[in-house]
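Engineer: There's a structure below that I have some questions on.
Taken together, the values in this text are just the output of simple stated rules run on the coordinates, not laboratory data. Computed from a predicted structure; not experimentally measured. A quick note on method: Cβ atoms are made from the backbone with ideal geometry, for glycine too, and the neighbour counts reach across all protein chains shown.
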Amino acid sequence: MKYQSPEEAVKLIHSDQSVFIHSAAATPRELVRAMSDRSPEIKNVKIYSMHTEWDAPYGDPEHADSFDINAFFVGANIRKAINEGRAAYVPMFLSEIPKAFRSGLVPLDVALISVSPPDKNGYCTMGVSCDISRAAVEKASVIIAEINPHMPVVMGDGVIHISEIDAYIDVDYPIYAQQLKEPTEVELAIGKNVASLVEDGATLQMGIGGIPNAVLQCLTSHRNLGIHTEMFSDGVIPLFEKGIINNREKKSHPGAIVSSFSIGSKKLYDFLDHNPLVRMLDIEYVNDPVTISKNPKVTAINSAIEVDIFGQVCADSIGTRQYSGVGGQVDFMRGAALSKGGKPIIAIPSVTNKGISRIVSLLKPGASVVTTRAHVHYVATEYGVAYLHGKNLRARAKELIRIAHPDHQEQIEKEAFSIFKSI
């Protein structure tokens, strides 16, 4: 059914149903707004989503009786609602969320998605976000779509025929985009340290932000790199255009960039559009550590909020305050460790913007451990690289203190001594 307005389309959502919202840059802005405006007409609608973009008005205080929000990842648009108790965070590895949909552990009634216009054979694509959304579309009883000419046509698992869509509206607005900032001096220093660990022929996993961008900028002398990653942004394009990223030595999907979603600028979306060398695949497959490990020299580059001297990584909370989510960090840290020649790396600035050390003797009270001390091999800051794998706790502490900010090293060493009785 074609509807003239999002307000008409979202009338297919009823009280006590569960609704999935398409992820990241593919968030269907107009359908989300129209659904939120139905409050207080509808009650107890369960919302499930990964990271979404644009505003999330369903999380506003006046809609608390209408929506029960469950976020598998906490972005800026829902963080306040989470920490004020109007929404809840669901900690799960991203690789396991599709299984929760497919098994019925998390039942879905409606999926709100954004797709590219149908081709001559009636096929649309879910564009820049396949991730957990593929499984959601498979299991939802009702699929409501925005058909947007700005959504790139992306090959992979996100193909959907127009006949599978129960209701749709035509929209015409640029999908969510963001420009990467130039890396800071600290980020570039970290990038150089991480790049020193990357070997020719490596398969890379990285996220978005200053540090991943800095690492990519420092790989211009490398050869035959590949990409198998949860997500990527603009930073891969220059290396791809220079032939440095050619995916030639990958064992899984040789020749192709494999990802699950993407966020970046219009340049990135133009790069993705009809590109036969990019595959957006189901995150249950992409983030499976066994799948990851099939590629050579998998170098997984992830970040954190803080790392303690035991090697425990807190990546999703500041104390008890939920900041982001478990995401795919553990999926790729483990997958890289299993890969022949693989390197799992945590890369962080040594201090916060306020000068607080990110390497600590003990995590903040209530902080969650995303990646355990047994998973961590490398930790990099602007002051160097610590190698922890196979080392005892005292040796780990020494390694991490060595790459902490000089202003904090003495204090951390004193605290370490009180814990281990020697250092």
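Engineer: Label-point separation (nm) for ASP407 and VAL90, each offset 7 Å from Cα along Cα-to-Cβ?
Structural biologist: Reported label-point gap for ASP407 and VAL90 is 4.2 nm.
Engineer: Taking loop as defined by DSSP and a crowding limit of 16 other beta carbons within 10 Å, which trypsin sites (Lys or Arg not before Pro) in region 139-245 fit?
Structural biologist: Of the trypsin sites (Lys or Arg not before Pro), the ones in loops of region 139-245 whose Cβ has at most 16 other Cβ atoms within 10 Å are LYS181, ARG223, LYS242.
Engineer: On to the next question. Please tell me the relative contact order of region 185-420 in percent, rounded to the nearest whole number, where contacts are Cα pairs under 8 Å and at least six residues apart.
Structural biologist: Answer for region 185-420 is 18 percent.
Engineer: I would also like to ask the following. Dipole magnitude of the chain about its Cα centre, charges +1 at Lys/Arg Cβ and -1 at Asp/Glu Cβ only, in debye to the nearest 20?
Structural biologist: 1720
Engineer: Now for a separate question. To the nearest 0.05, what FRET efficiency results for LYS421 and ASP166 with a Förster distance of 60 Å applied to their C-beta separation?
Structural biologist: 0.35
Engineer: So if we plug the beta-carbon distance of GLU62 and TYR3 into 1/(1 + (r/R0)^6) with R0 = 30 Å, what FRET efficiency do we get, rounded to 0.05?
Structural biologist: Once the sixth-power term is evaluated, E becomes 0.75.
Engineer: Say each of SER196 and TRP54 gets a label point 7 Å from the Cα, pointing the same way as Cα to Cβ; how far apart are those two points in nm?
Structural biologist: Using points 7 Å along Cα→Cβ, the separation is 4.6 nm.
Engineer: Right, another one. Describe numerically, in nm with one decimal, the distance between label points set 7 Å from Cα along Cα→Cβ at ASP37 and at ASN275.
Structural biologist: The modelled label-to-label distance comes out at 3.5 nm.
Engineer: What residues of region 260-287 lie in the reach of a label at ASP119, counting those whose backbone N is under 11 Å from a point 7 Å from the Cα along Cα→Cβ?
Structural biologist: Under 11 Å, as judged by backbone N against the label point of ASP119, lie 274-276 of region 260-287.
Engineer: Next up: If you restrict to DSSP beta bridges whose two residues both lie in the chain, what percentage is antiparallel, to the nearest 5?
Structural biologist: Roughly 20 percent of the DSSP beta bridges within the chain come out antiparallel.
Engineer: Viscosity 1.306 mPa s, temperature 10 °C: what is the translational diffusion coefficient of the chain from Stokes-Einstein with a Kirkwood Rh over Cα pairs, rounded to a whole number of µm²/s? Walk me through the intermediate numbers first.
Structural biologist: Working: Rh = 22.1 Å.
Taking Rh from Cα pairs, D becomes 72 µm²/s.
Engineer: Here is a further query. Run the numbers on the chain and let me know its relative contact order in percent, using alpha-carbon pairs under 8 Å that are six or more apart.
Structural biologist: It comes to 14 percent, rounded to a whole number.
Engineer: Based on DSSP, what percent of beta bridges with both residues in region 6-170 are antiparallel, to the nearest 5?
Structural biologist: Counting DSSP beta bridges with both partners in region 6-170, the antiparallel share is about 10 percent.
Engineer: Order the peptides 75-81, 351-357 from the highest to the lowest mean number of other Cβ atoms within 10 Å of their residues.
Structural biologist: Those peptides, ordered most packed to least, come out 75-81, 351-357.
Engineer: Show me the chymotrypsin sites (Phe, Trp or Tyr not before Pro) within region 87-117 that DSSP assigns to loop and that have at most 12 other Cβ atoms within 10 Å of their Cβ.
Structural biologist: none
Engineer: In addition: Can you tell me how much longer the chain between ASN70 and THR220 gets when fully stretched, taken as 0.36 nm per residue apart minus their C-alpha distance, in nm with one decimal? All intermediate terms of the calculation are to be shown ahead of the outcome.
Structural biologist: Values: separation 150, 0.36 × 150 = 54.00 nm, distance 4.14 nm.
49.9 nm is the gain from fully extending ASN70 to THR220.
Engineer: First measure r as the distance between the Cβ atoms of GLU185 and ALA374, then evaluate 1/(1 + (r/R0)^6) with R0 = 35 Å and state the FRET efficiency to the nearest 0.05. The partial results should precede the final answer.
Structural biologist: Working: r = 33 Å, r/R0 = 0.95.
E between GLU185 and ALA374, to the nearest 0.05, is 0.55.
Engineer: Hey, another quick one. To the nearest 500 deg cm²/dmol, what mean residue ellipticity at 222 nm is calculated for the chain from DSSP H runs of n ≥ 4 alone, each contributing -39,500 (n - 2.57), summed and divided by the residues? Intermediate values should be presented prior to the final figure.
Structural biologist: On the way: 14 runs with 111 residues, N = 423.
Estimated from H runs of four or more residues: -7000 deg cm²/dmol.
Engineer: Where both partners of a DSSP beta bridge lie in region 185-420, what percent of those bridges are antiparallel, to the nearest 5? Don't jump to the answer; show the numbers that get you there.
Structural biologist: Values: 10 of 31 bridges.
Here the antiparallel bridges make up roughly 30 percent for region 185-420.
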